[in-house]
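The values are calculated or read from the model by the stated rules, or taken from the named source; none is laboratory data. Bear in mind that the values here come from a model prediction, so they are computed numbers and not experimental data. When we count neighbours, we look across all protein chains shown, and the Cβ atoms used for this are built from the backbone with ideal geometry, even at glycine. What goes into the accessible areas is simple: the full protein's heavy atoms, side chains included, and nothing from ligands, DNA or RNA. Shrake-Rupley method; radii C 1.70, N 1.55, O 1.52, S 1.80 Å.
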Amino acid sequence: MEIFELISKPWPWYIAGPLIGFTVPILLLLGNKSFGISSSLRHICAAVIPANISFFKYDWKKETWNLFFVAGITLGGFVATYLLTNPDSLIVAESTKASLSQLGITDFSGLMPTDIFSAENILSLKGLIFFVLGGFLVGFGTRYAGGCTSGHAIMGLSNLQWPSLVATIFFMVGGFFSTWILLPWLLNLVS
Amino acid sequence: MATIKSNSTAEIDLLDKDIDTFDGTNQQSKTENFIGNLKYLIVGVFFGIVFVKAEIVSWFRIQEMFRLDSFHMYGVIGLAVIIGLISMQIIKRFNIKTISGETVSVPPKQFNKGQIYGGFLFGLGWAITGACPGPLFAQIGSGFLVVIITLLSAIAGTWTYGLLRSRLPH
């Protein structure tokens, strides 16, 4: 099973990039759907906890496709991890490894560092920062910005929308600030 | 705005008021049932597989990106945009219709200051969680069940934005 071996190994950027890019025309041609993922969070709010807030009063059922899409992503994550298992451990760039080691990260074998993303951290300060605060910023920020990496950086830029370029630039500014200034401080705080 | 066709009141409402804060819109006038929506589940499955196999869902890959230690994420996003751009041009140039025969339409993005403030806040969260909304779902599927808490918190963040929206600068 040579092909199986090949697809089990990590896919390079020049394979993954086009596959993700093709999602744009596929969704448009399948059903006139603009590629975008963060809206699923809004539809969940509209469906489950609208609380009479005008922002959540819309026909979310018309956007059900988005919820099917993210359910698929979850399932795809399962298939890729458990059926197409990568035989090797993750290869992290040496310089990133060195910087993160200094910040107290010790496990570099999996997709996520178990030093942070494990169940025993749920009720700790670590959990509060990395799960609760981090998640809140992702949900609040993407909606405030009107999209995420998929809706703005990929769909918006593909459609030559300059507001999406502004959003993408500020995603990156926030990410650099977080990585270089906030994260070292946060990791020191919890170590 | 000229390309947008609106049918229901709900849709008009959505597009007029919230176009700036909406992505992933459904522009198809024909409604789809459960079976019809399974198409998007299947696209999602392939998408999730790419996410995990290309390690885009990895916290470490996001760190490498923001530390400028690897080209991987820049290559993925850059090529995805190029392919998306070329596809959109082909669809427009040759007026390619959807499988149900409708004209492809994409609502334009309108600028507001949310793209700056919100974009920055999302960026902070992106580096902390190592995930944008898509990878959150793929990480959960990959067995990182603690990310369910991150997802719930992201939903709470979206909800809080909805609550405070009129009081935030846009």
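Restricted to helices (runs of 4 or more DSSP H) entirely inside the stretch A:91-191, those with at least 2 residues that are open to solvent by 30 Å² or more (accessible area, probe 1.4 Å) are A:94-102, A:162-177, A:183-190. Among the residues of the stretch B:132-170, those that are at the interface with chain A (Cβ under 7 Å from one of its Cβ atoms), small (Gly, Ala, Ser) and either open to solvent by 20 Å² or more (accessible area, probe 1.4 Å) or not in a helix (DSSP H, G or I) (or both) comprise B:Ser142, B:Gly143, B:Ala156. Pairs are defined by a Cβ separation below 6 Å, a sequence spacing of at least 6 or placement on different chains, a first member in the stretch B:27-53 that is more than 7 Å from chain A (Cβ to nearest Cβ), and a second member that is of a type outside the set (A, V, I, L, M, F, W, C); the pairs so defined are B:Ser29/B:Asn7; B:Lys30/B:Ser100. Whether a residue is more than 7 Å from chain B (Cβ to nearest Cβ), within 26 Å of B:Lys53 (Cα to Cα) and modelled with pLDDT under 95 was assessed, and A:Thr106 passes this test.
Taking the criterion of being of a type in the set (A, V, I, L, M), more than 7 Å from chain B (Cβ to nearest Cβ) and in contact with a helix residue (DSSP H, G or I) (Cβ under 7 Å, 6 or more places away or on another chain), the only residue of the stretch A:156-180 that qualifies is A:Leu165.
With a requirement of 3 or more residues that are open to solvent by 10 Å² or more (accessible area, probe 1.4 Å), the helices (runs of 4 or more DSSP H) lying completely within the stretch B:14-117 that satisfy it span B:34-53, B:72-93. Within the option set A:Ile20, A:Ile49, A:Ile15, A:Ile53, being open to solvent by 10 Å² or more (accessible area, probe 1.4 Å), among the β-branched types (Val, Ile, Thr) and under 22 Å from the mean Cα position of the chain (by Cα) holds for one residue only, A:Ile15. All told, B:Ile128 falls short of being without any contact (Cβ under 8 Å) to a residue 12 or more places away in the chain, open to solvent by 10 Å² or more (accessible area, probe 1.4 Å), in contact with a helix residue (DSSP H, G or I) (Cβ under 7 Å, 6 or more places away or on another chain) and at the interface with chain A (Cβ under 7 Å from one of its Cβ atoms). Could you please find all residues in the stretch A:75-102 being facing chain B (nearest Cβ under 10 Å) and either of a type in the set (Asp, Glu) or farther than 29 Å from B:Phe46 by Cβ (or both)? Correct list: A:Glu94, A:Ser95, A:Lys97, A:Ala98, A:Ser99, A:Leu100. The set of residues in the stretch B:121-154 that are farther than 21 Å from A:Phe170 by Cα and either of a type in the set (A, V, I, L, M, F, W, C) or in contact with a Pro (Cβ under 9 Å, 6 or more places away or on another chain) (or both) comprises B:Phe137, B:Ala138, B:Ile140, B:Phe144, B:Leu145, B:Val146, B:Val147, B:Ile148, B:Ile149, B:Leu151, B:Leu152.
A single member of A:Ala80, A:Ala71 is surrounded by 17 or more Cβ atoms within 10 Å (Cβ to Cβ) and more than 28 Å from B:Thr98 (Cα to Cα), and it is A:Ala80. For the stretch B:72-97, a residue qualifies if it is within 7 Å of another protein chain (Cβ to nearest Cβ), out of contact with any Phe, Trp or Tyr (no Cβ under 6 Å at 6 or more places or on another chain) and under 29 Å from A:Leu183 (Cα atoms), and the qualifying residues are B:Ile77, B:Gly78, B:Leu79, B:Ala80, B:Val81.
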